[in-house]
């Protein structure tokens with residue numbers, strides 16, 4: 001049989017058009033399926049996060065309630081007693097860690113002949129520095145100034161200052177010196193350092 005096309009304009013290739021439409025439809029379907037899967041995943045993730053957030057909030061509420069109950073059970077007086085005991089324990093530890101031997105060796109190297117030390121009180125500052133309050137007796141104000149200058153020049157003391165000077169009935173100058181003590185690195189205490197040794201004296205006053 002002879003097949004001829006007598007139309008003035010040829011027909012399009014319907015197979016190619018159908019194939020292209022099928023491919024496009026498949027692509028659109030794939031995109032729709034991808035979007036659906038993503039939407040399901042996001043919905044599941046959102047629900048999971050919401051459940052976690054609810055659990056975390058409930059746990060935080062429970063912890064806050066337990067903390068509040070604990071605070072109510074604490075006796076302020078007992079807490080203050082414990083805090084005072086801790087401070088006393090720390091002070092004892094600090095005193096045992098303080099080398100009196102090294103300190104008085106520094107004094108021996110800086111003390112003028114006409115000045116003597118009568119008392120030393122170390123305290124540990126909040127910044128970890130050691131502050132000293134030194135009670136001394138001197139024959140003259142010049143001797144006291146010489147001691148303060150020698151302390152500064154030694155490098156073992158900083159900001160040395162005589163904060164109080166009083167002339168007693170014997171004509172001696174009783175003074176209080178405050179300074180920051182630069183603890184020697186590597187200094188360690190021995191058993192004799194647990195309590196302050198006798199105060200050194202610079203000479204006969």
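Model label points for residue 109 and residue 46, set 7 angstrom from Cα along the Cα-to-Cβ axis, are 7.5 nm apart. Using the Cβ-Cβ distance between residue 85 and residue 118 with R0 = 35 Å, the FRET efficiency computed as 1/(1 + (r/R0)^6) comes to roughly 0.65. Here, the range 99-193 is characterised by an Rg to Rh ratio of 0.98, where Rg is the alpha-carbon radius of gyration and Rh the Kirkwood radius.
Look at 178, 149 and count the other Cβ atoms within 10 Å of each Cβ; fewest to most, that gives 149, 178. The packing ranking, built from the mean of other Cβ atoms within 10 Å per residue, places the peptides 104-110, 34-40 in the order 104-110, 34-40, highest first. Counted by neighbouring Cβ atoms within 10 Å, the residues 49, 111, 103 run from fewest to most as 49, 111, 103.
Where a number appears in this text, it was derived from the coordinates with a stated rule and is not lab data. Because the structure is predicted, anything quoted here is derived from the model rather than measured. Every residue, glycine as well, gets a Cβ built from its backbone with ideal geometry; the counts of neighbours run over all protein chains shown.
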